[in-house]
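Novice: Here you go, one structure.
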Amino acid sequence: MKAERESLVERLQPLEAELVEIRREIHRHPEIGFEEARTARLVADKLRGWGLEVEEGVARTGVVATLRGARPGNGAVGLRADLDALNIQEVAGRDHGSTVSGKMHACGHDGHTAMLLGAARYLSENKDFAGTVRFIFQPAEEGLAGARVMLEEGLFDRFPVDSVYGMHNMPGMPVGTFATRKGPFMAAGDSWTATFTGSGGHGGGGAHLSTDPTLAAAQFVLAIQTIVSRNVPAVETAVVSVGHLRGGEFGAPNIIPNEVIVRGTARSYKPEIRDLLERRLAEIAAACAAVYGCEGKLDYHRRYPPLINHAAETDVAASAARALVGEAAVTTQTEPRMFSEDFSFLLQARPGAFIFIGNGVGPNGEAAHLHTSDYDFNDAILTLGASYWVSLVQETLG
C-alpha cells in the first residue's frame, strides 16, 4: 500500500504546472470574505470542466462539488479548502503578485484551493473508490465565519457527509511533512472593542478643562497585559493582543479627541478561561476610564470555537499522510496552536480532523509568517497536498 501511495504523488506530478498556474492566477486577484466571486467562478468552471456536479452560491460565494465513485458505496467524505484573502499590502517584486492594492493571499488559501482542485481533477479521472466525495470551497474563513454561514444554510443537509477534513499550510515546517493531534488543536478566536469617551478639548491651553480618553486608552493597553500573567492560571493557555488603536485626527495633533477606540483579539481553549478574558477586559476598561473621568465600554465578540480534532478521524488523516511521506515525516503529537480556524464549526457538526502540511522556508532559509506582507505559498507542495486529499479518499472510501 505504501509503495502504491508513493506512486500516487508521481501520478499527480503531471498536474503540477496546471496547479501552479491556478494558484498564481488566484494569488494575482485576491478577494476578501464573501467577495470571492471571481475565485468562485474559476473554481466552478474548472470543476464543471472535469465533469463534477457543482453547486454555486453556497454561503454567497462558496462552491460545493460532488463526485461519485465507480464502485458502489453509501459512504461520503467532505474535503474543505478556503477561498478568501486578507486586507494586507503585499511586498512588491513578485511576478505573480497581487494586482489589487491593499489585498493579498497572505495565508495560503490560494494554495489550499489549488490543491483541492488538483485532487478533484485526479479523482474525476480515477474514480476507483466507493461512495461520494464532497469538495467544499468555503468563503470567508478570515474572521467572518464562512463555515458557520455554510452550516446555517444547510451545508450537510444538502450535501451529506459522514466525516469532514481540512488542511492548512504551515511556514517553517519542512516540505514533505505533516502535523496534527487528537483533541484540542487550535484556540477559540474572539475579538473585542474598547471604546473610551471623554469631553476632549484643546491640547494646549485647554488640556486642564478636558476629560482625556487617550490617557484611559493608554492605561488600558498596558493594564490588559496583566490578564494572562496575573489572572489566567499559569498552567492554562491564553493570549490577549491589541491590533488597532484610533483616536483624533492626524491633521489636528493639538486637539484631545472625544473618543479613542482600541481593538484586539483574545485566544483561549477552556470555556472558563474564555469567560475570564471577557470579564477582565470589561472590568479594566471601566476602571481605566473611571480614573480619568471618562466612560469605558467593551464589546466582546465570540467568533470561533476551539478546533477539536476527533480521535478516529485524526488516525485516518495521519494514515493518509504516512502513506505518502512515511512514518517519520508525520507528527501526531504536535503542540496546540493559538491560531483560530473556522473549520472548528464543521468539526462541531461532523466528526473529522484538521492537519498541517509543511510549507518550508524561503530562499534565504527563513519562513515568512502567515498574515504578513512577505508571505507566499510554496508551489513545491501543491502536488503533495493534492495527493494527500486523494490518499484520504482512498483511506475513507477505498
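The values are calculated or read from the model by the stated rules, or taken from the named source; none is laboratory data. Given the structure is predicted, the values throughout are model-derived calculations rather than measurements. Glycine gets a Cβ as well: all are built from the backbone with ideal geometry, and neighbour counts include every protein chain shown.
Novice: Has segment 341-362 got at least one residue that is over 18 Å from the mean Cα position of the chain (by Cα) and among the polar types (S, T, N, Q)?
Specialist: Looking for residues that are over 18 Å from the mean Cα position of the chain (by Cα) and among the polar types (S, T, N, Q), one finds none in segment 341-362, hence no.
Novice: Is one or more of the residues making up segment 105-121 within 20 Å of the chain's Cα centre (by Cα) and on the phi > 0 side of the Ramachandran plot?
Specialist: Looking for residues that are within 20 Å of the chain's Cα centre (by Cα) and on the phi > 0 side of the Ramachandran plot, one finds at least one in segment 105-121, hence yes.
Novice: Any idea which residue in segment 12-68 is nearest to residue 375 (Cα to Cα), counting only those that are without any contact (Cβ under 8 Å) to a residue 60 or more places away in the chain and among the hydrophobic types (A, V, I, L, M, F, W, C)?
Specialist: Only one residue tops the list, namely 17.
Novice: Another question, then. Can you pull out every residue in segment 185-229 that is among the hydroxyl-bearing types (Ser, Thr, Tyr) and in contact with a strand residue (DSSP E or B) (Cβ under 9 Å, 6 or more places away or on another chain)?
Specialist: Within segment 185-229, 191, 193, 195, 197, 199, 210, 211, 214 qualify.
Novice: Quick one: residue 317 ticks every box in (1) hydrophobic (A, V, I, L, M, F, W, C); (2) touching a residue at least 40 places away in the same chain (Cβ under 8 Å); (3) in the same structural domain as residue 162 (by TED's automatic domain parsing); (4) surrounded by fewer than 16 Cβ atoms within 10 Å (Cβ to Cβ) bar one, so which box is it?
Specialist: (4)
Novice: Another question, then. State yes or no: is residue 393 touching a Leu at 6+ places or on another chain (Cβ under 8 Å) and under 28 Å from residue 159 (Cβ atoms)?
Specialist: Criteria met by residue 393.
Novice: Now for a different question. Considering 301, 369, which residue is out of contact with any helix residue (DSSP H, G or I) (no Cβ under 7 Å at 6 or more places or on another chain), farther than 19 Å from residue 271 by Cα and touching a residue at least 24 places away in the same chain (Cβ under 8 Å)?
Specialist: Selected residue: 369, the only one of 301, 369 that is out of contact with any helix residue (DSSP H, G or I) (no Cβ under 7 Å at 6 or more places or on another chain), farther than 19 Å from residue 271 by Cα and touching a residue at least 24 places away in the same chain (Cβ under 8 Å).
Novice: I would also like to ask the following. Among the residues that make up segment 167-179, is at least one of them closer than 16 Å to residue 344 by Cα and surrounded by 21 or more Cβ atoms within 10 Å (Cβ to Cβ)?
Specialist: Checking segment 167-179: at least one residue is closer than 16 Å to residue 344 by Cα and surrounded by 21 or more Cβ atoms within 10 Å (Cβ to Cβ).
Novice: Any idea which residue in segment 181-224 is farthest from residue 271 (Cα to Cα), counting only those that are assigned to a loop (DSSP other than H, G, I, E, B) and touching a helix residue (DSSP H, G or I) at 6+ places or on another chain (Cβ under 6 Å)? Show your work before the answer.
Specialist: In the first step, residues of segment 181-224 are kept if they are assigned to a loop (DSSP other than H, G, I, E, B); the result is 182, 187, 198-200, 203-206, 210-212, 224.
Checking the rest, the ones that are also touching a helix residue (DSSP H, G or I) at 6+ places or on another chain (Cβ under 6 Å) come to 182, 198, 224.
Working: 182: 19, 198: 34, 224: 19 Å.
Result: 198.
Novice: Right, here's the next one. Taking segment 225-274 as the region of interest, how many residues are part of a helix (DSSP H, G or I) and under 29 Å from the mean Cα position of the chain (by Cα)?
Specialist: The qualifying residues number 10.
Novice: Taking residue 85 and the conditions (1) over 18 Å from the mean Cα position of the chain (by Cα); (2) of a type outside the set (D, E, K, R); (3) over 28 Å from residue 162 (Cα atoms), which numbered condition does it fall short on, given that it satisfies the others?
Specialist: (1)
Novice: Output yes when any residue across segment 46-63 is surrounded by 14 or more Cβ atoms within 10 Å (Cβ to Cβ), modelled with pLDDT of 95 or more and assigned to a helix (DSSP H, G or I), and no when none is.
Specialist: Scanning segment 46-63, I find at least one residue that is surrounded by 14 or more Cβ atoms within 10 Å (Cβ to Cβ), modelled with pLDDT of 95 or more and assigned to a helix (DSSP H, G or I), so the answer is yes.
Novice: Between 308, 284, 256, 261, which is crowded, with 16+ Cβ neighbours inside 10 Å and free of Cβ contacts under 8 Å to residues at least 60 places away in the same chain? Don't jump to the end; show me each part of the working.
Specialist: Numbers: 308 fails: free of Cβ contacts under 8 Å to residues at least 60 places away in the same chain; 284 fails: free of Cβ contacts under 8 Å to residues at least 60 places away in the same chain; 261 fails: free of Cβ contacts under 8 Å to residues at least 60 places away in the same chain.
Matching residue, one of 308, 284, 256, 261: 256.
Novice: Anything in segment 124-159 that is aliphatic (A, V, I, L, M) and either surrounded by fewer than 24 Cβ atoms within 10 Å (Cβ to Cβ) or not assigned by TED's automatic domain parsing to the domain that holds residue 381 (or both)? List them, or say none.
Specialist: If the condition is that a residue be aliphatic (A, V, I, L, M) and either surrounded by fewer than 24 Cβ atoms within 10 Å (Cβ to Cβ) or not assigned by TED's automatic domain parsing to the domain that holds residue 381 (or both), then 130, 144, 145, 149, 151 are the ones that fit.
Novice: Here's another thing I want to ask about it. List the number of the failed condition for residue 290; all other conditions in (1) in the same structural domain as residue 172 (by TED's automatic domain parsing); (2) assigned to a helix (DSSP H, G or I); (3) touching a strand residue (DSSP E or B) at 6+ places or on another chain (Cβ under 8 Å) hold.
Specialist: Unmet condition: (1).
Novice: Separate question: Filter segment 93-144 for residues that are aromatic (Phe, Trp, Tyr) and within 21 Å of residue 24 (Cα to Cα) and give the result.
Specialist: Within segment 93-144, 122, 135, 137 meet the criteria.
Novice: Helices (runs of 4 or more DSSP H) wholly in segment 310-398 with at least 1 residues that are within 29 Å of residue 237 (Cα to Cα) and touching a strand residue (DSSP E or B) at 6+ places or on another chain (Cβ under 6 Å) - which ones?
Specialist: Numbers: elements: 311-325, 343-349, 382-397.
The helices (runs of 4 or more DSSP H) meeting that bar are 311-325, 343-349.
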